[in-house]
Amino acid sequence: MGAVEYIKKYSKVIDDKLNKYLPRPSGYAAVLHRAMRYSVFSKGKRIRPVLTIAACQACGGNLRDAIGPACAVELIHTYTLIHDDLPAMDNSDYRRGKLSSHKKFGQANAILAGDALLTLAFKILVDGKPCRNGVQMVKELADYIGYAGTAAGQVVDMATKGRKLDKNLLEYINSRKTGHLIVASLKMGALAGNADKKRLYAIEKFGKGIGLVFQIIDDVLDGEGYAERFGKRNAIKQANALTKRARASLAVFGDKARPLDELAVFLSNRTK
Ligand code: GRG
């Protein structure tokens, strides 16, 4: 199965499970539930949860182990996008070709939908029959997306808008704003697959590489960031070198990492 088929196959499973986790619109706060569903089911590519599943498989786990954390990372991704679109941040009226959450539901509801998605994600990891290594997942995820992670990347990105950034600062922002959630998604999968230290480290190394590649390609597609700063050709060259190094760190998993390897190639060649 190639990367495209792999993503398609597991996107369906992820969507079915997300549908179960999300509240049905009901009661006084139905608008909140509608806003949560509106953004989660608006044709995201589901890259992060698919990476969670592939990392879990690489570590010897199965879909049942990975599906909870996979949904959790997609809910977190959705929360970041809703908040990023707000007037106080990127001020974007559209997301994935549809009205952004605050345009559709109003700012207060959009903020709260993001908050509710974020908190639901953490609940999934430890609720009912908790995920394997659920407590460690909570800690890792909080670290990756919190004050030293995604939120920090976003703060520094906003504070430096319009400035010409050196490579270190650009890397600081991108590794946090984009890379950290990708690393976390992979590590959630590895933990769900009960990875030992060596494998967890290999997954982290792989994630750091492809996380940065994801942002560089995003910049190449948008003509921003890396592409603007170093030129499109150089940006692509850098992405290819990072992808090669990331793929090499999968050696420890042998054949079980084939889906991860194919996803790395797919992400470095993506056109949307
Ligand atoms: C609100 C704490 C907080 C942070 C927001 C992630 C983020 C920080 C902002 C989003 C801005 C952005 C476009 C970041 C780059 C990450 C990125 C390329 C997101 C889009 O990911 P895709 O292409 O999205 O996987 P889909 O739509 O497919 O889900």
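Taking amide H positions as modeled 1.01 Å from N, with prolines and chain starts lacking one, the residues under 5 Å from Arg95 and 5 or more places away or on another chain are Ser100.
Sorting the Cα pairs of region 26-137 by distance into bins of 5 Å, from 0 upward, gives 2, 12, 21, 21, 16, 13, 9, 5, 1 percent per bin.
Evaluated at q = 0.14, 0.17 Å⁻¹, a Debye calculation over the C-alpha positions of region 171-272 (equal weights, vacuum) places log10 I(q)/I(0) at -0.50, -0.72.
Using a cut-off of 22 Å between Cα atoms, the listed pairs Lys12/Lys272; Lys17/Lys244; Lys232/Lys256 include Lys17/Lys244; Lys232/Lys256 as exceeding that distance.
Under a 5 Å amide H cut-off, with hydrogens placed 1.01 Å from N, Phe41 pairs with nothing among residues at least 5 apart or on other chains.
Divide by every residue of the chain the summed helix terms, -39500 (n - 2.57) for each DSSP H run of at least 4, and state the resulting mean residue ellipticity at 222 nm, rounded to the nearest 500 deg cm²/dmol. Kindly include the intermediate steps, with their values, before the conclusion.
Details: 14 runs with 193 residues, N = 272.
About -23000 deg cm²/dmol.
What the Cβ-Cβ distance of Lys272 and Lys198 gives, at R0 = 45 Å and to the nearest 0.05, is a FRET efficiency of 0.80.
Here Leu221 and Ala159 are evaluated by their C-beta separation; at R0 = 25 Å the FRET efficiency comes out at 0.55. Count Lys and Arg as plus one, Asp and Glu as minus one, and take only other residues whose Cβ is under 12 Å from that of Asp65; the net charge is then +3.
Within the chain, the proportion of Cα pairs with more than 23 Å between them is 51 percent. How high is the FRET efficiency from Arg245 to Val31, r the C-beta distance, R0 51 Å, rounded to 0.05? Plugging the Cβ-Cβ distance into 1/(1 + (r/R0)^6) gives 0.65.
What is the pair-distance distribution P(r) of region 70-128, computed from all Cα-Cα distances in 10 Å bins starting at 0, with each bin given as a whole percent? The calculated distribution, bin by bin, is 26, 50, 21, 4. Across region 25-64, the residues whose backbone nitrogen lies under 15 Å from the label position 7 Å along the beta-carbon direction of Asp127 are 25-26, 33-34, 36-37.
Potential lengthening of the chain between Lys256 and Thr119 amounts to 46.1 nm, from the contour at 0.36 nm per residue minus the alpha-carbon distance. Candidate membrane-span-like segments in the chain, meaning DSSP H helices with Cα atoms spread over at least 20 Å of their own axis and a Kyte-Doolittle mean of 0.5 or above, are 107-126, with no membrane implied. Orientation-averaged projection of region 1-66 equals 4.8 nm² [convex hull of Cα atoms, one quarter of hull surface area]. Each label was represented as a point 7 Å from its Cα along the Cα-to-Cβ direction; for Arg229 and Lys12 these points are 4.1 nm apart. When we measure straight from the Cα of Lys237, which lysines land under 16 angstrom away, once same-chain ones fewer than 8 places off are left out? Straight-line reach from Lys237, under 16 Å: Lys167. Magnitude of the charge dipole for the chain, about its Cα centre and with charges confined to Cβ atoms of Lys, Arg (+1) and Asp, Glu (-1), is about 520 debye. Inverting the pair-averaged 1/r between distinct Cα atoms of region 94-220 gives 16.2 Å as its Kirkwood hydrodynamic radius. Considering only chymotrypsin sites (Phe, Trp or Tyr not before Pro) in DSSP loops that have at most 13 other Cβ atoms within 10 Å, the longest stretch of the chain without any of them is 148-272.
If you place +1 on the Cβ of every Lys and Arg and -1 on the Cβ of every Asp and Glu, how big does the dipole about the Cα centre of region 155-229 come out, in debye to the nearest 20?
380 debye
Computed from the coordinates by the stated procedures, all read-outs in this text should not be read as laboratory data. Source: prediction; values computed, not measured. We place every Cβ from the backbone using ideal geometry, glycine too, and count neighbours over all the protein chains shown.
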